[in-house]
Amino acid sequence: MSSPLKLPTTYQQQLTLMASRGVSVGDPHECEAFLQRVNYYRLTGYMLPFKKGSSDTFSNLSFYRLECIYYFDTELRNLVALAIEKIEINLRAQLSYFHAHKYGADGYMYSNCFNALHNHIAFIGKINKCISDNSKAPAVRHHISKYGGNFPIWVIIDYFSLGMLSYFYTDMPNADKASIAKSLYGTSYQVLTSWLKCLTDLRNRCAHYSRLYFWVFSAVPKGVKGDSFVFDHELFSQLYMLKLLYPERDRWDEDFFIPLEKLVEKYNEQIDLSHVGFPFNWQTFLKQ
């Protein structure tokens, strides 16, 4: 038998519960106003690093500190999302250019342009869903009316999600994947495949405004041969991966590293960088 669902609680009851578990609650009116904007259950994820063992109590935690960590996470997520946007747009451009020049404008429609593990029926189904979901877009309507619903790869790829883009790359012949990985990032296709899988997960968390702070990622990016950095399941590994994937490397410090330094400085008194896997010399790794 399943347990009955918990009953809903008022904002006042939520604050009382937090106080009983060791959270220092300041001005109740300000705290209630914050809870009205942010779901209580969502906020509890930020309490996890302060938990005392297996108990439901917390140490060194005030409501104000929770707010600061929450805002740090929000601003960091926005910064990460901007970096992913540049990486994703660059990947769309590079993959479509490579595929079009090797296999033709509509080569992606033929199964012999992919590896032996490729499920072409499922892939075409995903393509048709891209077209259906974007049927009102001018470019889609144009290609339906003028070209009978046939799309060159450089058009249809703009409607791929990052997950679909990763799927497209993963199902390419190994020789193609190796060529792309080496020319773009100087690495192997196995490494790039793992990065794209991790990037998709990271992007989805950002797109759904999910917590990055004190989050354990399911997949670990593969390391680059000769690089001293050791990847793990924590956030910093994902940020280091973004650095390796960033298309405008001469702009990385200006676009990401410097804003991140300022963000860390802004919330330095309330956050704990060990909660997001930052090593003590994190600047050395992340600066270009």
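The values are calculated or read from the model by the stated rules, or taken from the named source; none is laboratory data. All of these numbers come straight from a predicted model, not from anything done at the bench. Note that each Cβ is placed from the backbone with ideal geometry, even for glycine, and that neighbours are counted across all protein chains shown. These area figures cover heavy atoms from the full protein model, side chains too; ligands, DNA and RNA do not enter into them. Shrake-Rupley method; radii C 1.70, N 1.55, O 1.52, S 1.80 Å.
Of note:
- Kirkwood hydrodynamic radius of the chain, from the reciprocal of the average inverse Cα-Cα distance over all distinct pairs: 21.8 Å.
- Kirkwood hydrodynamic radius of segment 1-152, from inverse mean 1/r over distinct Cα pairs, in Å: 20.9 Å
- The label-point distance for Glu254 and Lys6, in a model that sets each label 7 Å from Cα toward Cβ, rounds to 4.8 nm.
- Label point distance in nm, Ala137-His208, each placed 7 Å from Cα along Cα→Cβ: 2.2 nm
- Once the Cβ-Cβ distance of Leu117 and Tyr97 is raised to the sixth power relative to R0 = 22 Å, the FRET efficiency obtained is 0.35.
- Apportionment of accessible area to carbon and sulfur, the chain, percent (1.4 Å): 54 percent
- Summed over the residues of the chain and divided among them, the accessible surface reaches 54 Å² per residue at a probe radius of 1.4 Å.
- Residues Leu184 and Asn150, FRET efficiency given R0 of 25 Å [Cβ-Cβ distance, rounded to 0.05]: 0.35
- Note on His233 and Phe280: with the Förster distance fixed at 25 Å, the Cβ-Cβ geometry gives a FRET efficiency of about 0.85.
- The alpha-carbon of Lys126 sits under 19 angstrom from the alpha-carbons of these lysines, leaving out residues fewer than 8 places away in its chain: Lys136, Lys197.
- Cut-off under 5 Å, modelled amide H: who pairs with Ser24 long-range: Leu61, Ser62, Phe63
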